[in-house]
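The values are calculated or read from the model by the stated rules, or taken from the named source; none is laboratory data. Keep in mind that this is a model prediction, so the values were computed, not measured. Positions of Cβ are generated from backbone atoms using ideal geometry, with glycine treated the same way; all protein chains shown enter the neighbour counts.
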Amino acid sequence: MKLGQLRHYREKLRGLSAAELTEELVKLRKEQFSLRMQRATGQSPKPDQFGDARRNIARLKTVQRQAATAAVVKSEAAAAVAAAQPPVVAPEPAAKKVAKKKVVKKAVKKSAPRAKVAKKSATGGKKS
């Protein structure tokens, strides 16, 4: 197939429904089978027809997969919109944030030596 024909074929496939895509797949599989039978019985189909049939089947399966993926993405997006979103909290002023961070850092520094003392007492105060 030429490039223009390929684009037209892809657009045609994207415009089909899922059932029509399945019918088209069956048609392409039958065409592929008849080409194999012609070769087996001694008739000589053109060699490029085998590759064309195989590639057309691959194109069709790709379009089917894209349609299925698009349907899943749409359903997930709809579920995300339908889900309850947490309320929007107004951001705190920068000064309060800095003050909170300093308090948290001081609390962490104070609690760290206590943890070390607890470890020493658990081992009996002996260093190993």
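Here are the numbers for this structure:
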{"quantity": "Any chance residue 16 is of a type outside the set (Val, Ile, Thr), in a helix (DSSP H, G or I), out of contact with any Cys (no Cβ under 6 Å at 6 or more places or on another chain) and surrounded by 10 or more Cβ atoms within 10 Å (Cβ to Cβ)", "calculated": "no"}
{"quantity": "Criterion (assigned to a helix (DSSP H, G or I) and farther than 24 Å from residue 68 by Cβ) met by exactly one of 21, 35, 28", "calculated": "35"}
{"quantity": "Tabulated pairs, region 31-45, first surrounded by 13 or more Cβ atoms within 10 Å (Cβ to Cβ), second aromatic (Phe, Trp, Tyr) and assigned to a helix (DSSP H, G or I), C-beta under 6 angstrom, 6+ apart or interchain", "calculated": "35/50"}
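For (1) assigned by TED's automatic domain parsing to the domain that holds residue 16; (2) modelled with pLDDT under 90, each residue gets a yes or a no:
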residue: 63; (1), (2): yes, no
residue: 72; (1), (2): yes, yes
residue: 75; (1), (2): yes, yes
residue: 87; (1), (2): no, yes
residue: 99; (1), (2): no, yes
